[in-house]
Amino acid sequence: MRLIGVNTPERGQCFYEEATDFTTAELQGASVRLEYDEDRIDRFDRTLAYVRKPASCSTSAYSDGGCKGVHSPAEREVRRSFRGS
């Protein structure tokens with residue numbers, strides 16, 4: 001699976017292990033909701049999804065999306081336009 005909106009190192013790149021450990025610690029055993037965009041599979045045959053972890057701000061560590069989870073650049077731009085910042 002590939003998390004939409006999260007730029008992480010590929011296997012063999014610097015910080016891959018740290019990113020994997022962080023994601024595992026945050027999500028393993030947790031109840032999550034997957035939300036899909038238009039493209040559900042990437043060119044490497046990985047599932048593409050936003051991961052939502054209800055009642056938690058922990059996914060905000062992945063992006064500046066706040067407690068709502070991981071957001072695409074387009075979602076962040078829309079949120080900024082409504083906030084006026």
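The values are calculated or read from the model by the stated rules, or taken from the named source; none is laboratory data. What you see is a predicted model; the values in this text were computed from it and never measured. Cβ atoms come from the backbone with ideal geometry, glycine included; neighbour counts cover every protein chain shown. Only protein heavy atoms, including side chains, enter the accessible area calculation; ligands, DNA and RNA are left aside. Shrake-Rupley method; radii C 1.70, N 1.55, O 1.52, S 1.80 Å.
In the set (1) assigned to a loop (DSSP other than H, G, I, E, B); (2) in contact with a Ser or Thr (Cβ under 9 Å, 6 or more places away or on another chain), Ser31 fails one condition alone, (2). Residue check: Arg83 meets all listed conditions (1) at pLDDT 65 or above; (2) open to solvent by 100 Å² or more (accessible area, probe 1.4 Å); (3) not aromatic (Phe, Trp, Tyr) but one, namely (1). Within the stretch 3-26, the only residue that satisfies the criterion of being open to solvent by less than 70 Å² (accessible area, probe 1.4 Å), at negative phi and of a type in the set (Gly, Ala, Ser) is Ala19. The residues of the stretch 28-52 that are at pLDDT 90 or above and of a type in the set (Lys, Arg), listed by number, are Arg40, Arg43, Arg46.
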